[in-house]
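Engineer: Have a look at this one before I ask anything.
All of the numbers you see were taken from the coordinates with simple rules; none came from a lab. Since we're looking at a predicted model, the values are computed, not measured. Note that each Cβ is placed from the backbone with ideal geometry, even for glycine, and that neighbours are counted across all protein chains shown.
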Amino acid sequence: MPNTLVECVPNFSEGRDSAKIAAIVEAMQVPGVYLLDREMDADHNRAVITLAGEREAIAEAAIRGVGKAAELIDLTQHQGAHPRMGAADVVPFIPIDGVTLEECVATARHAGAEIWKRFQIPVYLYEAAATTPERKNLENIRRGQFEGIRDEIAMNPARCPDFGEPRVHPTAGATAVGARKFLIAYNIFLNTRDVEIARKIARAVRFSSGGLPCVKAAGFLVRGMAQVSMNLTDFEQMPVQRVFEFVKREAERCGVAMISGEIVGLIPRLALEPSAEWHQHVENFDSSLILENRLAAVMKSQAK
């Protein structure tokens, strides 16, 4: 096991062309960095890559991934359900072992400076790396998405990036780089196409509109079904099983039922308290989705 272990989960605005994502992943193959997972979603038109490794190595891997994404992804041609502001949309660093959140903040700031220096992509720092309270919340930074930021960045001082000049890259936009605790991306599908129901449930569950602490949520139409898409930003304060029960209850109040759930990326072993019903409703769940299991398996295979 590396002396310091940091996870990085860059999100790229491409979920339909597997060759482009393969090229981005290849660019991030730096010694000391392990590829744990890759997920693509055509409806969101987004890919989520999970890496783990030493602090210095994983920062370099992330920087290279942003550069390759800028070569391959044109946001002026991008359409998808998920909000986006950059070809490499968000690049979070997460402490796993032998490293503090503050050290991940330093890693994020180094990566942000390098992304502007090498690729002329402006960078906004978010979550624990944020330079102002307003920028702790990613939604505040990404408001208006690529097009809105492109139109306002030069005129509105509040939209000035943390690294770079007040102009977006013409095709790669801007990138948010941050440091945070482990986040669980958890989606629930409903037995309806009515996306307004998913949005109503999302408003009920998310903290910003009076719902559960440490939960962000939105409603989308994905795979022909209404989906409640959630990020659980602190699973120790707000266990995934409690979120499951809340959404289930709200769905019943709206006259619909939960079909299934999905985990996007990986989940820490600590988050898996016994909950038979929750496990039954996660369509893709098996032991390989547990972060520690996946890391051990990848490191073992590369050691051969």
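Engineer: Near the amide H of Ala226, under 5 Å away, which other amide H atoms are found, from residues 5 or more places off or on another chain, if H is placed in the peptide plane?
Structural biologist: Leu190, Thr192, Arg193, Asp194
Engineer: If you don't mind, another one. What Rg and what Dmax come out for the chain when only alpha-carbon atoms are used, in angstroms?
Structural biologist: 18.6, 55
Engineer: How big is the charge dipole of the chain about its Cα centre, in debye rounded to the nearest 20, if each Lys and Arg gets +1 on its Cβ and each Asp and Glu gets -1 on its Cβ?
Structural biologist: Charge dipole of the chain: 360 debye, to the nearest 20.
Engineer: Using the Karplus curve 6.51 cos²θ - 1.76 cosθ + 1.60 with θ = phi - 60°, work out ³J(HN,Hα) for each residue of the range 200-215 in order, rounded to whole Hz, and write x for Gly and Pro.
Structural biologist: 5, 5, 4, 4, 5, 8, 7, 5, 5, 10, x, x, 7, x, 6, 10
Engineer: 5 Å is the cut-off here: which amide hydrogens, built 1.01 Å from N in the peptide plane, fall below it relative to Arg206, excluding neighbours closer than 5 in sequence?
Structural biologist: Answer set, sorted by chain and number: Gly211, Leu212.
Engineer: A further question on this structure: Which entries of Lys181/Lys300; Lys68/Lys181; Lys248/Lys300; Lys216/Lys248; Lys136/Lys300; Lys181/Lys248 show an alpha-carbon separation above 28 angstrom in the structure shown?
Structural biologist: With Cα atoms farther than 28 Å apart: Lys248/Lys300; Lys136/Lys300.
Engineer: With the cut-off at 1.5 for a/c, could you classify the range 5-179 from its C-alpha gyration tensor as rounded, prolate or oblate?
Structural biologist: Note, shape of the range 5-179 comes out oblate.
Engineer: Also: Hey, what do the phi angles of the range 132-138 turn into as Karplus ³J(HN,Hα) couplings, whole Hz, using 6.51/-1.76/1.60 and θ = phi - 60°, x for Gly and Pro?
Structural biologist: 9, x, 5, 8, 5, 8, 4
Engineer: Tell me the label-point distance for the pair Ala158, Glu71, using the 7 Å Cα-to-Cβ offset, in nm and rounded to one decimal.
Structural biologist: Taking the simple label geometry, Ala158 and Glu71 are separated by 3.8 nm.
Engineer: On to the next question. Any idea what the relative contact order of the chain is, in percent, if you count C-alpha pairs under 8 Å spaced at least 6 apart?
Structural biologist: 16
Engineer: To the nearest 0.05, what FRET efficiency results for Asp97 and Arg199 with a Förster distance of 25 Å applied to their C-beta separation?
Structural biologist: On the way: r = 38 Å, r/R0 = 1.52.
So, using R0 = 25 Å, E works out to roughly 0.05.
Engineer: Rounded to the nearest 500, what is the chain's calculated 222 nm mean residue ellipticity when only DSSP H runs of at least 4 contribute -39500 (n - 2.57) each, over all residues? Display every interim value, and only then the final one.
Structural biologist: Working: 9 runs with 104 residues, N = 304.
Value at 222 nm, helices only: -10500 deg cm²/dmol.
Engineer: Placing unit charges on C-beta atoms (Lys and Arg positive, Asp and Glu negative, everything else neutral), compute the dipole magnitude of the range 5-179 about its Cα centre in debye, rounded to 20.
Structural biologist: 400
Engineer: Provide Rg and Dmax in Å for the range 184-295, with only Cα atoms included in the calculation.
Structural biologist: When restricted to Cα atoms, the range 184-295 yields Rg and Dmax of 13.2, 41 Å.
Engineer: Each residue of the range 16-22 in turn: what ³J(HN,Hα) in whole Hz from Karplus with 6.51, -1.76, 1.60 and θ = phi - 60°, glycine and Pro shown as x?
Structural biologist: These are the phi-based 3J(HN,Hα) values: 10, 10, 5, 5, 5, 5, 4 Hz.
Engineer: Can you give the FRET efficiency to the nearest 0.05 for Glu252 and Asn137, using r as the Cβ-Cβ distance and R₀ = 41 Å?
Structural biologist: Between Glu252 and Asn137 the formula returns 0.85.
Engineer: Show me the GluC sites (Glu not before Pro) within the range 208-304 that DSSP assigns to loop and that have at most 13 other Cβ atoms within 10 Å of their Cβ.
Structural biologist: Details: sites: Glu236, Glu245, Glu250, Glu252, Glu262, Glu277, Glu283, Glu292; in loops: Glu236, Glu283.
The qualifying sites are Glu236, Glu283.
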